[in-house]
Amino acid sequence: MPSPSFGVVDGTTINLLELANRLPTPASDPPALLAPQDAYRRNPSEVLGYEWPTLRLDGETLNPLVLVDSPGAMGKSAAAAMLARQISAPLLNVGGLHVGAHTLTGLLVSALGHAGYSRLMTALTSGDRCLVIDGFDEALLRSGAVNYQAFLDDLGRLVGQCKPGAVIGFGRPESALLAETVLSQGQVTRAELIPLNSNQLRSFIDKRLDNTPRATGAHRNHRAPFENLRDYQIEALESALSAEVDPQAFLGYTPVSASIAALLDVENPQAELSRLQSLGLGETAKERGAMLLRIVESILDRDQLKVQQSLDTAIPGAHLQELDAYNRTEQVIRLLANTVGSSPAVLIPAKLDDSYRQVYEDRVGDFSSDHPFRFEGEFASAVFSDYVRAFAQTSAPATAALPGIESDPSHLPAVGPFYALFYAELTRDENGLSHIPTEETVADLLSSNRLGSRTAPLATYTHIRSTASLTIEPDTDAPSLTFRVDSPTGILSVPSGTSNLLVTSTSSVEIGQRNGVSDLGPNATIVAKEIEIQGGILRVGPIAAQGPVVLAGSDSVRPKSLEIDARADDLLVRGAVNAFPWHRYLQSSGRTSSFLTELLGSLVAPECRRILRRFSGGGNPPNVYRELLDNRLVAGNDLTSAVMKALLDDSVISVDGDFYVLNLSRLADYQIHREGLTRDWKNMLAPLSQHLLTNELLAGYLAFPGLGQD
């Protein structure tokens, strides 16, 4: 398999280790402590398994203060510690301090004494030693902007006497920008930690697993299979991200890289690779969605812990951990509030004592504006923005805190390619089924699926009697994601421009318009009780071999008089229409019925597959507890129930006491083998599905009066 590669990085770049080699490294250790000082570290401990990152410099020359920034969770503290260790520099961590006008000089004098401070300043001004300062962002969070600026004035007086590169500072972009603004011109060089590139990512994974307690060791003991698995996973993620997201910016982001390493820590890499390669596209999509969810939520959990620890000294006694302060929900609420420029409608955390509220809001407000999900005022990745949108729409507390998002979704980030995956994961129940409240979410899910697919993705929407569901799939091999509509209103709105969609509904479908035109197709079939076209023009694009547009309304297709822009063979119409200009597109029941029969078969096949896959291969013959299947799969789904009864009537399944038993010989009559239910299952199940349509109960359930008559 070819090794995935990231794009060339523009700008002036240098590896942090190379920069360290260019900085002064005295033979002697930094000045010793005269008094205990937690913020001063003379010899920082080694960060085991550290992968030296790359810096992008703002300019080619170093000023006395080099300020290194990056989004949250990029490993700034580890970089500061390793740099200080490499160049034998003292490391100051001001993140735990309430900084102010004389914090820097006072800290150094307190730690080193006047003589030690004098020796350090002499070394800094002569260019013989460097000083590394970490925690600019936490210092701003703890101390507030006014005190932070006073601290910067103190720092400015120090670096004003120093040689280029004498002081290296680390913080998030907001704290670095404020420092650049406050300090004099020519004192500061900005630098940015950039995500790991392809080779660095691979090295990081190895080192991470080398230093992970209780790791399997397979990355060393089974090197070739591990490398194959690693490259397969990275290539799959890179391929999925490359259309909308810079792969290096996401995969090389340290928390993401760490999550990938954890994902690869398996006992048997070859078996895991075989499992992944055997998955149908639907299972692959679910696996990817679950993995992305773990990655995103690990970043949120890390930021929660960091904020709680930062505020413990600022507001001791607030019991932030017990309150679960700054949890995932709160972070999403604050991210959206910052985006729309409003305040949450409720107090969060709700149980925080009022005496701590103002301090908490001041500190957390600074921190959330510089959240790891955001960079330079925007979401750093479509992965993060899609998660925030999906979380906001599926979380009752988030909706309550920001009531405007329910009535006006324009306040939310735009739908991206990962929205459907996250929505599915966040609403998945114990039976593996995802949920949407009403049909209103369907259009966004379809849009996300199109953005995330490289081929023409197919979607199927079914609303029969009281049961409605949406299945979206990456191509024709296997379904990707299935959503149950919990409270269908009976009106599905399909946006103009919809293609590759099969709709079967005993209710109504509206086809939207853009600038007075309703575009539809190719490959769009809508069978419904009522179909309403909202544009003054219905336009069907050239279909070629992709499949025609079929409109079949058992009651009506409206309006009955509008302009139609379509070739006769590209649009097939069936139902209660007979007026101009529909007449040239009206089809006899014979021609339309073949489409409808195929369509109905496509609705039955996934239900057959869901049922058949529940049977354990360990039994002889395969069997499953009746109560388990009835309660977890069949109950509450009228279509699944009808298909189940048809399978029983056809003796594909029989009842034996407390068990359902699978009749393998009957499956063989349809040339079905259970191993084939993972790949190419649609073709395999087609004969069985078509035969089940002759079942009186199922046929009655799927009946559309009027569509089969001239």
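The values are calculated or read from the model by the stated rules, or taken from the named source; none is laboratory data. The shown structure was predicted, so the numbers you read here are calculated from the model rather than taken from an experiment. Note that we place each Cβ from the backbone using ideal geometry, even for glycine, and neighbour counts take in every protein chain shown. What goes into the accessible areas is simple: the full protein's heavy atoms, side chains included, and nothing from ligands, DNA or RNA. Shrake-Rupley method; radii C 1.70, N 1.55, O 1.52, S 1.80 Å.
Across the chain, Cα pairs under 8 Å and at least six residues apart give a relative contact order of 8 percent.
Overall form of segment 21-172: rounded. Here a/c, set by the Cα gyration tensor axes a ≥ b ≥ c, is under 1.5. Each 10 Å bin, from zero up to the one with the longest distance, holds this percent of the alpha carbon pairs of segment 162-205: 22, 40, 22, 15, 0.
Kindly provide the helix-only [θ] at 222 nm of the chain, computed as the sum of -39,500 (n - 2.57) over DSSP H runs of four or more divided by all residues, to the nearest 500 deg cm²/dmol? Could you put the intermediate results ahead of the total?
Numbers: 25 runs with 305 residues, N = 710.
Taking each H run of at least 4 residues, the total per residue is -13500 deg cm²/dmol.
In square nanometres, what is the average projected area of the Cα convex hull of the chain?
Details: hull surface 144.3 nm².
The Cα convex hull of the chain, projected and averaged over all directions, gives 36.1 nm².
Estimated at the nearest 10 Å², the accessible area of Arg363 is 40 Å² with a 1.4 Å probe.
Can you work out the accessible area per residue across segment 319-463, with the rest of the protein chains kept in place, probe 1.4 Å, in square angstrom?
Working: 5980 Å² over 145 residues.
Value for segment 319-463: 41 Å² per residue.
For Lys529, a cut-off of 17 angstrom between C-alpha atoms picks up these aspartates and glutamates, skipping any fewer than 8 places away in its own chain: Glu439, Glu510, Asp555, Asp710.
Holding the Cα-Cα limit at 24 Å, pick out from Lys163/Lys306; Lys76/Lys351; Lys76/Lys207; Lys163/Lys207 the pairs that are longer than that.
Working: Lys163/Lys306 34 Å; Lys76/Lys351 33 Å; Lys76/Lys207 18 Å; Lys163/Lys207 35 Å.
From Lys163/Lys306; Lys76/Lys351; Lys76/Lys207; Lys163/Lys207, over 24 Å: Lys163/Lys306; Lys76/Lys351; Lys163/Lys207.
Solvent exposure of segment 7-159 amounts to 40 Å² per residue of accessible area, where only protein heavy atoms count and the probe is 1.4 Å.
Once the other residues with Cβ under 12 Å from the Cβ of His98 are scored (Lys, Arg +1; Asp, Glu -1), what is the net sum? Walk me through the numbers on the way to the answer.
Details: positive: Arg142, Arg363; negative: Glu138.
Once all neighbours under 12 Å are counted, the net charge is +1.
Sorted on the mean count of surrounding Cβ atoms within 10 Å across their residues, most packed first, peptides 686-699, 528-541 read 528-541, 686-699. Over all pairs of different C-alpha atoms in segment 64-113, the reciprocal of the mean inverse distance, the Kirkwood hydrodynamic radius, equals 12.7 Å.
Binning the C-alpha pair distances of segment 618-696 at 5 Å intervals from 0 yields a P(r) profile of 3, 14, 22, 26, 24, 9, 1 %, listed from the shortest bin outward. Please give the helix 198-210 orientation as an angle from the longest Cα principal axis of the chain, in degrees from 0 to 90, rounded to the nearest 10. Relative to the chain, helix 198-210 is tipped by roughly 80 degrees. Cα axis of helix 354-368 to longest principal axis of the chain: angle in degrees, 0 to 90, nearest 10? Between helix and principal axis, roughly 80 degrees.
Rank these residues by their accessible area, most exposed first, probe 1.4 Å: Arg389, Arg613, Arg223. Present the calculation step by step, with values, prior to reporting the outcome.
On the way: Arg389 15, Arg613 110, Arg223 70 Å².
These residues rank, largest area first, as Arg613, Arg223, Arg389.
For segment 173-179, backbone phi angles converted through the Karplus equation (6.51, -1.76, 1.60; θ = phi - 60°) give residue-by-residue couplings of x, 5, 5, 5, 5, 5, 5 Hz, Gly and Pro being listed as x.
Relative protection proxy for 316-325, 512-521, from highest mean packing down: 512-521, 316-325 (other beta-carbon atoms within 10 angstrom). The angle between the Cα long axis of helix 254-264 and the main principal axis of the chain comes to about 60°, on a 0 to 90 degree scale.
Just the protein heavy atoms count here, and of the accessible area of the chain at 1.4 Å, carbon and sulfur take up 48 percent. Assuming charge only on the beta carbon of Lys and Arg (+1) and of Asp and Glu (-1), the dipole of segment 19-137 about its Cα centre is about 260 debye to the nearest 20. Calculated on the Cα set of segment 388-448, radius of gyration then Dmax: 11.2, 32 Å. Packing-based ranking of 349-357, 99-107, 662-670, 600-608 yields 600-608, 99-107, 662-670, 349-357, ordered from highest to lowest mean Cβ neighbour count within 10 Å.
So, with +1 on the Cβ of K and R and -1 on the Cβ of D and E, and no other charges, what is the size of the charge dipole of the chain about its Cα centre, to the nearest 20 debye? If you can, show how the numbers build up before the last one.
Values: 58 positive and 82 negative charges, 164 e Å.
Its charge dipole is roughly 780 debye.
Take every pair of alpha-carbon atoms less than 8 Å apart whose residues are at least six positions apart; their mean separation over the length of segment 311-406 yields a relative contact order of 35 percent.
Once the Cβ-Cβ distance between Glu696 and Ser298 is put in as r, and R0 is 60 Å, what FRET efficiency do you end up with, to the nearest 0.05?
Values: r = 53 Å, r/R0 = 0.88.
That pair, Glu696 with Ser298, gives E of 0.70.
Give me the number: length gained by fully extending Asn663 to Ser118, i.e. 0.36 nm times residue separation minus the C-alpha to C-alpha distance, one decimal in nm. Let's see the in-between values first.
On the way: separation 545, 0.36 × 545 = 196.20 nm, distance 8.84 nm.
Going from the current span to full extension adds 187.4 nm.
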